[in-house]
Amino acid sequence: MISAAKTAAAIRAGKFRAAEVTERALAGIAARNATTNAFTEVTTARARTEAAAVDAAIAAGRDPGPLAGVPYAVKNLFDLEGVTTLAGAAIEKDRPAAARDAFLVRQLRAAGGVCLGALNMDEYAYGFTTENHHYGPCRNPHDLTRVAGGSSGGSAVAVAAGLVPLTLGSDTNGSIRVPSSLCGIFGLKPTYGRLSRAGSYPFVGSLDHLGPFARDVADLALAYDAMQGADPEDPAQQWRPVDPVASLLDQDVQGLRFAVAGGHFARNGHPEAFAAVATVARALGATRRVELPEAARARAAAFLISMAEGANLHMPDLRSRAESFDPATRDRFLAGAMLPAHWVIQAQRLRAAYRDAVLKLFAEVDVILAPATPYVAPHIGQDMIEVDGAMLPVRPNLGIYTQPISCIGLPVLAVPIADPVAIGTPGGLPIGVQLIAAPWREDILFRVAAALERAGVCASPQPRS
Amino acid sequence: MSTEFDAEAYAKATAPALGLPLDPRHMPGIVANLQLAARMAALVEALPLSPADEAAPVFVAGREPPK
């Protein structure tokens, strides 16, 4: 699979037709999707129509857009016109098809992108592994016995396995960054309020973000730039000017101030998580450490807010057909429905106080480095894992480093270690690092990620399976 | 807090107020999740906040539409 940028350039230059690229991608999905179970729906007719429109634009001398003919796919919580939005749930499969594309899908279509389908996820985005009870587990292309991460597991796997160069996912507590890390690809969780979420199935409105996955920084930037834009239909979006990043990737990172997150982010994980951070820190010359005050409490706050808001959204179904939920999410939603209001309001107050404390750090630091996941991909079906001598439930613990960051909406670019074998990860499996910036400073994150890519420190390792 | 919290009794008392039928087969999972939530709430509760610390979401009465 060639990159999105190269695909678009070749199609714009008339070297390939979008229709040819689309047919190749569709054939690849038909041949290989069963291996990983990334796609839950392939939108063949739509893809052919969109590709034909790109080819027609080029034939007519019109600009086909920066993503001309680039195949992409979306987590199955994004609305695709004419397709029922599953959000990973059996409950949703009999609902009417979406009448209109989600805002970000409309943006990608306007940029010339060709949508190939919808991708597997944890039910209602409430999970970190994509072991979906209804639609089957999504398998990690680096080791098919291991999880993809989640909840945007299909989005990460479709890119890591080379089925498409670009996908979209959502991230409430880590659902872009965790699968990015476990599948060894790049993922962006922009600032809360940057990209419109309208037309996506919500999980926790207070914490939901949408963002792209790709195998290199240029593709991630291309997607991010195309998706920016004001949308009155997302009540949480901040209407800021479009802030493109693709033209910044060659800028050096001299003068930027880096620090490694200590405390909570320097414990609670396996050695490979810290080796990954140390590798990136060394490449950037980061010697300083900063402490995000009360990060563990912030994670607890995000946990309570997620339980309560998530459950509230599904109350009618919890009352009438709790049996129809994925067993992995059902009991969490049922418990979440009953949380005392005081716990949730206190969590929202703590969240604001924690944000104010963390924002002060950015007076002295531009980018904070933290692990993305506490370990490499666990096995499918694995329930427990040993960390620091204690046995912990493996799934919720995957978000231990991501939750305290999304809790306050900071932008994060998850970058994969190019050579996981060299840093000694178990089985040479991939692992990533979070690059964290102040709100609205995605530009800095893209510059740093591109510099790490140029230095050969960060890149998507090739799956062996 | 969590040591004194009887999650099952709490769930049985709360569910009727919400019109939420609870299947006894789901109770072990509900109890485990409520106990976990109670531990999380204890962590949150242990950080003193002042009355000036308002909740994070802020209602906006109206927005200028994007140009």
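Annotations
- Condition check for A:ARG46: among the charged types (D, E, K, R) and either farther than 19 Å from A:GLU81 by Cα or open to solvent by less than 30 Å² (accessible area, probe 1.4 Å) (or both): no
- Failed item, numbered, when A:ASP317 is tested on (1) within 14 Å of chain B (Cβ to nearest Cβ); (2) touching a helix residue (DSSP H, G or I) at 6+ places or on another chain (Cβ under 6 Å): (2)
- In the set (1) in contact with a Leu (Cβ under 9 Å, 6 or more places away or on another chain); (2) at the interface with chain B (Cβ under 8 Å from one of its Cβ atoms); (3) not small (Gly, Ala, Ser), the condition left unmet by A:GLU323 is number (1).
- Verdict on A:ASP250 being in a loop (DSSP other than H, G, I, E, B), over 19 Å from A:ILE417 (Cα atoms), in contact with a Phe, Trp or Tyr (Cβ under 6 Å, 6 or more places away or on another chain) and of a type outside the set (A, V, I, L, M): no
- No other residue among A:SER151, A:SER206 is crowded, with 24+ Cβ neighbours inside 10 Å and touching a residue at least 40 places away in the same chain (Cβ under 8 Å) apart from A:SER151.
- Options B:ALA46, B:ALA41, B:ALA32: the member that is at pLDDT 95 or above and open to solvent by less than 40 Å² (accessible area, probe 1.4 Å): B:ALA41
- Residue, nearest to A:ALA275 (Cα to Cα), within the stretch A:329-374, restricted to residues that are out of contact with any His (no Cβ under 7 Å at 6 or more places or on another chain), of a type in the set (Phe, Trp, Tyr) and more than 7 Å from every other protein chain (Cβ to nearest Cβ): A:PHE362
- Restricting attention to the stretch A:86-100, the residues that are open to solvent by less than 10 Å² (accessible area, probe 1.4 Å) and closer than 22 Å to A:ALA156 by Cα add up to 3.
- Count of the stretch B:44-67 residues which are part of a loop (DSSP other than H, G, I, E, B), under 30 Å from A:ARG299 (Cβ atoms) and facing chain A (nearest Cβ under 7 Å): 7
- Condition check for A:VAL260: part of a strand (DSSP E or B) and not hydroxyl-bearing (Ser, Thr, Tyr): yes
- One residue stands out among those in the stretch A:1-18 that are open to solvent by 30 Å² or more (accessible area, probe 1.4 Å) and part of a helix (DSSP H, G or I): the one that is nearest to A:ALA53 (Cα to Cα), which is A:ARG12.
- Search result, residues across the stretch A:401-420 that are among the aliphatic types (A, V, I, L, M) and either outside any loop (DSSP other than H, G, I, E, B) or open to solvent by 10 Å² or more (accessible area, probe 1.4 Å) (or both): A:ILE405, A:ILE408, A:VAL412, A:LEU413, A:ALA414, A:VAL415, A:ILE417, A:ALA418
- All of (1) in a helix (DSSP H, G or I); (2) open to solvent by 10 Å² or more (accessible area, probe 1.4 Å) hold for A:MET391 with one exception: (1).
- Hey, A:PRO420 more than 23 Å from A:GLU131 (Cα to Cα) and touching a helix residue (DSSP H, G or I) at 6+ places or on another chain (Cβ under 6 Å) or not: yes
- Restricted to the stretch A:233-269, and to residues there that are closer than 30 Å to A:PHE103 by Cα and of a type in the set (Val, Ile, Thr), the residue that is most open to solvent (accessible area, probe 1.4 Å) is A:VAL242.
- Only one of A:PHE186, A:PHE128 that is open to solvent by 10 Å² or more (accessible area, probe 1.4 Å), touching a residue at least 40 places away in the same chain (Cβ under 8 Å) and closer than 23 Å to A:ALA459 by Cα: A:PHE128
- The residue list B:ALA9, B:ALA38 contains one member that is outside any loop (DSSP other than H, G, I, E, B), out of contact with any Gly (no Cβ under 9 Å at 6 or more places or on another chain) and within 9 Å of chain A (Cβ to nearest Cβ), which is B:ALA38.
- Residue match in the stretch A:100-118 (condition: farther than 13 Å from A:PHE39 by Cα, among the basic types (Lys, Arg) and outside any helix (DSSP H, G or I)): yes
- Wholly enclosed helices (runs of 4 or more DSSP H) of the stretch A:274-371 bearing at least 2 residues buried (at least 23 other Cβ atoms within 10 Å of the Cβ): A:295-313, A:327-337, A:341-361
- Restricting the stretch A:423-465 to residues that are assigned to a helix (DSSP H, G or I) and among the basic types (Lys, Arg), the residue that is farthest from A:GLY193 (Cα to Cα): A:ARG454
- The set of residues in the stretch B:12-25 that are under 18 Å from A:ASN312 (Cα atoms) and at the interface with chain A (Cβ under 8 Å from one of its Cβ atoms) comprises B:THR14, B:ALA15, B:LEU18, B:GLY19, B:LEU20, B:PRO21, B:LEU22.
The values are calculated or read from the model by the stated rules, or taken from the named source; none is laboratory data. Nothing here was measured: the structure is a model prediction, and the numbers come from that model. Because the Cβ atoms are built from the backbone with ideal geometry, glycine has one as well, and the counts that use them run over all protein chains shown. What goes into the accessible areas is simple: the full protein's heavy atoms, side chains included, and nothing from ligands, DNA or RNA. Shrake-Rupley method; radii C 1.70, N 1.55, O 1.52, S 1.80 Å.
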